[in-house]
């Protein structure tokens, strides 16, 4: 896999409000398509991205429970909206409001995934960032990765339940 910066710069990149970051993956999450906006903000060139796991841009501040929610939802054949912070090649980061959908062939088989990402509202990020920090802190309490994921997943589910609405409505209420 291509080298990514292990050191985070703390610098947040942004993209234009009317830009859309687009990517497609195979069923295992390996990139099969990236648009110019994705290339520009990530700092990679297309040849460094295609064939690589989409997780290559995963920021370490992103709770694993959110990705569990994402994968459980899309592999179940449903769409998902989520806020995500990604890491650029040089260690910068950028936030997105992602819409991820399965790509289904005529026989009903999932043959990949498609994601469109837009600039998130600042007011939404003001609510998401502390929540993600809390979920990540719960995850890191455990030396065992599975125990950490289980604990952070429970916290995420409890948080959603306390809001009194399903995740699909909660995400748009932020």
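A short reminder: the numbers here are calculations on the coordinates, not readings from a lab. Please read these numbers as outputs of a predicted model, since none were measured by experiment. Cβ placement follows ideal geometry from the backbone for every residue including glycine, while neighbour counts extend to all protein chains displayed.
Residue 41 meets each of the listed conditions (1) part of a helix (DSSP H, G or I); (2) under 24 Å from residue 105 (Cβ atoms); (3) touching a strand residue (DSSP E or B) at 6+ places or on another chain (Cβ under 6 Å) apart from (2).
Over 13 Å from the mean Cα position of the chain (by Cα), surrounded by fewer than 20 Cβ atoms within 10 Å (Cβ to Cβ) and within 19 Å of residue 11 (Cα to Cα) - does that describe any residue in region 92-101? Reasoning before the result, please.
Of region 92-101, the ones over 13 Å from the mean Cα position of the chain (by Cα) are 92.
Subset that is surrounded by fewer than 20 Cβ atoms within 10 Å (Cβ to Cβ): 92.
In the following step, the residues that additionally are within 19 Å of residue 11 (Cα to Cα) were identified as 92.
Yes, some residue in region 92-101 is over 13 Å from the mean Cα position of the chain (by Cα), surrounded by fewer than 20 Cβ atoms within 10 Å (Cβ to Cβ) and within 19 Å of residue 11 (Cα to Cα).
Entry remark, region 42-58: residues being within 15 Å of the chain's Cα centre (by Cα) and crowded, with 16+ Cβ neighbours inside 10 Å number 5 in total. Scanning region 109-128 turns up at least one residue that is more than 12 Å from the chain's Cα centre (by Cα), surrounded by 15 or more Cβ atoms within 10 Å (Cβ to Cβ) and on the phi > 0 side of the Ramachandran plot. Considering (1) outside any strand (DSSP E or B); (2) touching a strand residue (DSSP E or B) at 6+ places or on another chain (Cβ under 7 Å); (3) touching a residue at least 40 places away in the same chain (Cβ under 8 Å), say which one residue 73 fails and leave the rest. All conditions pass for residue 73, except number (3).
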